[in-house]
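Structure first, commentary second.
Computed from the coordinates by the stated procedures, all read-outs in this text should not be read as laboratory data. From a predicted model like this one, the values you see are computed outputs, not experimental measurements. Every residue, glycine among them, receives a Cβ derived from its backbone with ideal geometry; neighbour counts consider all protein chains shown.
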Amino acid sequence: MSKESKKAEEQVRLCYSTWARSYHADYYASAGAYPPVHQDIVRDVIRRSGAHTLLDAGCGPASLLRSLTDLGLQFYGFDLTPEMVVEARRVMKDVPPQRLWEGSVTDPDAYRAPDGSAKTYDAAICIGVLPHVPESADAKVVRNLYQAVRPGGIVLLEARNELFALFTQNRYTHELIAKRLVPAGALGAEGARALEAMKQHFRMDLPPVRKGKSGEPGYDEVLSRTHNPFELRARFETAGFREVEVLFYHYHCLPPMFERELPELFRRQSVAMEDPRDWRGYFMASAFIVCGKRP
């Protein structure tokens, strides 16, 4: 493992170690949280695939697995954070504890069940993990997921949408323009001044930085990258996946700065927009799932 990956994983463990008991309630069950629409996307793809065995790579406190218990699947899962594994075992009482274990998505050996009951699976999901993986390890994670499923098996990998920044009109927009779209190095001093002046057109104070609990680093204080859906789809295809599809979720009917001003309208219309295959998802959805089949 590279020093970069090792450092990132150490910070992620610290970030999530105090979330084990409250993570599901905060992000899935809270009345104030956005509806977990990605659960329906995952459920639909898994159900239609006819899978019997499912691996959750980066399972956390079994947030996704606990919503799929009625599908008659054999569950397996691993997570980087020991406290998350403990919580997953507590929640998933019908799953043998040895089928929920500690492991890193960058380690190919972590994808094999320690009890020897499974080396490959009909389906694998990886939700909420890729943002915390260094760019240098992206290809390795995609390759590991490919190897984790049998021929004909499917993989669902979730990411934060980099292109959403074109819609947000905040500091993310400026960062995307300055770091990814504009060849700043070729523009010289005048170009640098133009990029600096551009900040006045965006809400550079938004979004607020998410802090951690009990003195631990928060989500925005550890590596939490976004991904370009075009590039991640291409990475799937390069790895050998077929029937690759990008499925968008968590739409925003207006730039997110308006949510506080128009909370009811914002939530109602955003939920009404939810359609994983709507082209507007490339810009108005903050997250997406790439789905592919191993031939």
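Odds and ends about this structure:
- The distance between label points at Gln147 and Ala25 comes to 4.0 nm (points 7 Å beyond Cα on the Cα→Cβ vector).
- In the chain, the sites counted are trypsin sites (Lys or Arg not before Pro) in DSSP loop states with at most 16 other Cβ atoms within 10 Å, and the longest stretch holding none of them, exclusive of the sites, is 120-209.
- Of Lys3/Lys211; Lys179/Lys211; Lys7/Lys119; Lys7/Lys199; Lys3/Lys213; Lys179/Lys199, those spanning more than 22 Å from alpha-carbon to alpha-carbon: Lys3/Lys211; Lys179/Lys211; Lys7/Lys119; Lys7/Lys199; Lys3/Lys213
- Extension gain for the segment Glu135 to Thr69, taken as residue separation times 0.36 nm less the Cα-Cα distance, is 20.4 nm to one decimal.
- The mean sequence separation of alpha-carbon pairs under 8 Å and at least six residues apart, normalised by the residue count of the chain, gives a relative contact order of 20 percent.
- For the chain, adding -39500 (n - 2.57) for each run of n ≥ 4 DSSP H residues and dividing by the number of residues yields -10000 deg cm²/dmol at 222 nm.
- Reference-scaled alpha-carbon Rg (2.2 N^0.38 Å with N residues) for segment 137-230: 1.45
- Pair-distance distribution P(r) for the chain, from all Cα-Cα distances in 10 Å bins starting at 0: 6, 26, 36, 23, 7, 2, 0 percent.
- Sites Asp205 and Asp94 - FRET efficiency at Förster radius 41 Å, r taken between beta-carbons, to 0.05: 0.30
- Diffusion of segment 1-110 by Stokes-Einstein, at 10 °C in a medium of 1.306 mPa s and with Rh set to the Kirkwood radius over alpha-carbon pairs, works out to 108 µm²/s.
- Here's the picture: charge each Lys and Arg Cβ at +1 and each Asp and Glu Cβ at -1 in the chain, and of Ala165, Trp19, Ile154 the one pushed furthest to the positive end of that dipole is Ile154.
- For chymotrypsin sites (Phe, Trp or Tyr not before Pro), the sites in segment 229-295 that DSSP calls loop and that have at most 15 other Cβ atoms within 10 Å are Trp279.
- Bridge type composition, the chain - antiparallel percent by DSSP, nearest 5: 45 percent
- One equal scatterer on each Cα of segment 77-214, no solvent, Debye formula: the resulting log10 I(q)/I(0) at q = 0.17, 0.22 Å⁻¹ is -0.98, -1.32.
- Test item: Cα-centred dipole of the chain, Lys/Arg +1 and Asp/Glu -1 on Cβ, debye: 240 debye
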